[in-house]
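Visitor: The structure is given below, and queries will be raised subsequently.
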Amino acid sequence: MSSITDPEYLPVMESFYTIQGEGFYSGTPAYFIRLGGCDVGCVWCDVKDSWDASQFDWFSIEEITKRAKDSGANVVVVTGGEPLMYDLSLLTESLKKEGLQTNIETSGAYPLTGNWDWICFSPKKFKSPLKDFYKSSHELKVIAYNKSDFKWAIEHGNQMNTNSQLFLQPEWSKEKEMTPLIVDFVKENPKWKISLQTHKYMDIP
């Protein structure tokens, strides 16, 4: 059975054990579950193949959890696509029963489901996020594609809860252009930190 409304099955584009390359958990071993399906439509998305969920096989929560547990990882990162297009309550319940830490990366465009140990909120201009994420997220990660994104980052950062971590990350194709500007911005705004896609620099899948 495979349906977007069936919480016991999810469309998995890929899953793999690797090193988290971005944000607060950068450098941490983690098992990634990349779900298929996204309608946010970022023009610079580096996983556009994930957008069409219909091309991926649907797996049971039990099978997804078993693969995560068998990987040997302690941290599981659920990403996409946009993972919150689906009800993830049963997935996080199953992962937690196995003692696994649950992290999610989301644009915040859909309501939050699931029990998460860490929420990385990365809002996009292409589809507005829900306001609840400013209070519930542990980490704000803003992708800097051009100079106007710094003002946009400040607008979102000012809405975040006081305990959240704030990161600016250069979009990969603009890395050489944007990184020096991000360095200057962070020096002037020290509550922000720099996130780099270290897995790409190190050629880690």
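Visitor: What does a probe at Ser173 reach in the range 136-165, counting residues whose amide N is under 18 Å from the point 7 Å along Cα→Cβ?
Guide: What the label zone holds, given the 18 Å backbone N cut-off, is 143-149.
Visitor: Could I ask something else about it? Need one number: nm distance between label points at Lys193 and Ser136, each 7 Å from Cα along Cα→Cβ, rounded to one decimal.
Guide: Each label point is offset 7 Å from its Cα along the Cβ direction, giving 2.3 nm.
Visitor: With the crude spin-label approximation of a point 7 Å out along Cα→Cβ, what separation in nm comes out for Lys127 versus Ser89?
Guide: Each label point is offset 7 Å from its Cα along the Cβ direction, giving 2.1 nm.
Visitor: For the range 104-205, count all C-alpha to C-alpha pairs, find those more than 23 Å apart, and express that count as a whole percent of the total.
Guide: Result: 25 percent of Cα pairs exceed 23 Å.
Visitor: If I measure Cβ to Cβ between cysteines in the chain, which ones have no partner under 4.7 Å?
Guide: When partners are defined as cysteine Cβ atoms under 4.7 Å apart, the chain leaves Cys38, Cys120 without one.
Visitor: Please work out the FRET efficiency for the pair Asp52 and Asp184, using the Cβ-Cβ distance as r and a Förster radius of 45 Å; give the result to the nearest 0.05.
Guide: So the FRET efficiency works out to roughly 0.70.
Visitor: Between Asp203 and Asn163, 0.36 nm times their residue separation minus their Cα-Cα distance comes to what? Intermediate results must be reported in sequence, preceding the final value.
Guide: Working: separation 40, 0.36 × 40 = 14.40 nm, distance 3.22 nm.
Separation in residues times 0.36 nm, less the Cα-Cα distance, equals 11.2 nm.
Visitor: Further, regarding this structure: Quote the FRET efficiency, to the nearest 0.05, computed for Glu98 versus Phe16 with a Förster distance R0 of 25 Å and r equal to the Cβ-Cβ distance. Don't skip to the end; give the middle numbers.
Guide: Values: r = 18 Å, r/R0 = 0.71.
Calculated transfer efficiency: 0.90.
Visitor: Turning to a different aspect of this structure: Modelled label-to-label distance, Lys147 and Asp70, 7 Å Cα→beta-carbon offset: nm?
Guide: 5.3
Visitor: Relative contact order for the range 9-201 using alpha-carbon pairs under 8 Å, separation at least 6, rounded to a whole percent?
Guide: Result for the range 9-201 is 18 percent.
Rule-based calculations on the coordinates, nothing more; no lab input. Computed from a predicted structure; not experimentally measured. Backbone-built Cβ (ideal geometry, glycine too); neighbour counts: all protein chains shown.
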